[in-house]
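Working notes for the structure below.
The values are calculated or read from the model by the stated rules, or taken from the named source; none is laboratory data. Note that the structure is a prediction, hence the values are computed from the model and not measured. Cβ sites come from the backbone with ideal geometry, for glycine too, and all protein chains shown count toward neighbours. Only protein heavy atoms, including side chains, enter the accessible area calculation; ligands, DNA and RNA are left aside. Shrake-Rupley method; radii C 1.70, N 1.55, O 1.52, S 1.80 Å.
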Amino acid sequence: MKNELLLSELQSDEKSLLDLFLLIEEFVFGTSDTSIQNTEEIIESCRLAIADVENPLEQVEILINELFVEHMLIDKKKAFWPVVSFQMETAVDYRVIAPTLKAVILRYIVECCDFETDIVFVPDHNMIRVSCDDHYAIIFDPVTGESIDWHQLDDRMDDIEGDPSDIELLPIEQTSLIIEHLTALKNSLIKESGFNEALKCVDLLIGLRPEDPFERRDRGFLLHQLDCFKVAYDDYQYFVEQCPKDPAAQLLKMQLEKITVVDNVLH
């Protein structure tokens, strides 16, 4: 039931994205004291830094410097983000924040400074766009804090199919960001052998994308690790049937053909 209630929340627009990420954290890790209190000091510092500045463009530039230099939120790209980087309080305290979570936190902070802000995809990263006025915006990388100019933006957009002049930089849909966050968290949990918690992520992902064979494969793997092979077998079989040409499916099919699943008999 709790799972169903959370899924309904994730698919509605009633809560902010930051609140939804907190609900996911509470569900996955079983914590009840998740909060954003450690961002309040950062928000107040940012507000003070721009208080006497009138030009919006200059204000945003000062905000970015305040966040990434003064509050040491600057980071480098990583091939792997540890599980603690997905837990909001710890991630902010230790300044190691997974990219999607960091983008959501930074958007929240900048919006608290009265700027219209959204998250956009610029090949090949999610970036934050802050509107300075009706004509100008600053787009920056939430991990490194580096902003891009219009020439760099045009170069990156050239990689997208179609006429670049017709391509509009639209905000990323909320559900897409939730799925990206859950997928990254699931992969980190699997790498750190947090199979029970990873299974919770997969259950949510399947709730959001019930026909996705790769999530069914991952659920099968996790159930297998948790000694629930009879249930895992059905997920493995579904993946094999839906993706017969996938190399992993072909290998899995050979393994499944050697196994007989026997129902447990209770005496």
Exercise. Just for region 8-31: of the residues that are within 16 Å of the chain's Cα centre (by Cα) and under 13 Å from GLY207 (Cβ atoms), which one is surrounded by the fewest Cβ atoms within 10 Å (Cβ to Cβ)?
Worked result: GLN11
Exercise. Quick check: anything in region 81-90 among the hydrophobic types (A, V, I, L, M, F, W, C), touching a Cys at 6+ places or on another chain (Cβ under 6 Å) and open to solvent by less than 20 Å² (accessible area, probe 1.4 Å)?
Worked result: no
For this session: Go through region 198-224 residue by residue and tally those that are surrounded by 22 or more Cβ atoms within 10 Å (Cβ to Cβ), out of contact with any Lys or Arg (no Cβ under 8 Å at 6 or more places or on another chain) and closer than 24 Å to LYS102 by Cα.
Result: 2
Problem set entry | Any pair with Cβ under 9 angstrom, 6 or more apart, that starts in region 133-144 at a residue that is farther than 23 Å from VAL69 by Cα and ends at one that is open to solvent by 10 Å² or more (accessible area, probe 1.4 Å) | ASP133/PRO56; ASP133/LEU57; TYR136/PRO56; TYR136/LEU57
Exercise. So PHE115 fits all but one of (1) open to solvent by less than 70 Å² (accessible area, probe 1.4 Å); (2) modelled with pLDDT of 95 or more; (3) within 28 Å of LEU48 (Cβ to Cβ); (4) within 22 Å of the chain's Cα centre (by Cα); what number is the exception?
Worked result: (4)
Exercise. Which of the residues belonging to region 92-105 are modelled with pLDDT under 95 and either closer than 14 Å to LEU182 by Cα or surrounded by 17 or more Cβ atoms within 10 Å (Cβ to Cβ) (or both)?
Worked result: VAL92
For this session: Please verify whether region 25-46 includes one or more residues that are assigned to a loop (DSSP other than H, G, I, E, B), on the phi > 0 side of the Ramachandran plot, at pLDDT below 90 and out of contact with any Lys or Arg (no Cβ under 7 Å at 6 or more places or on another chain).
Result: yes
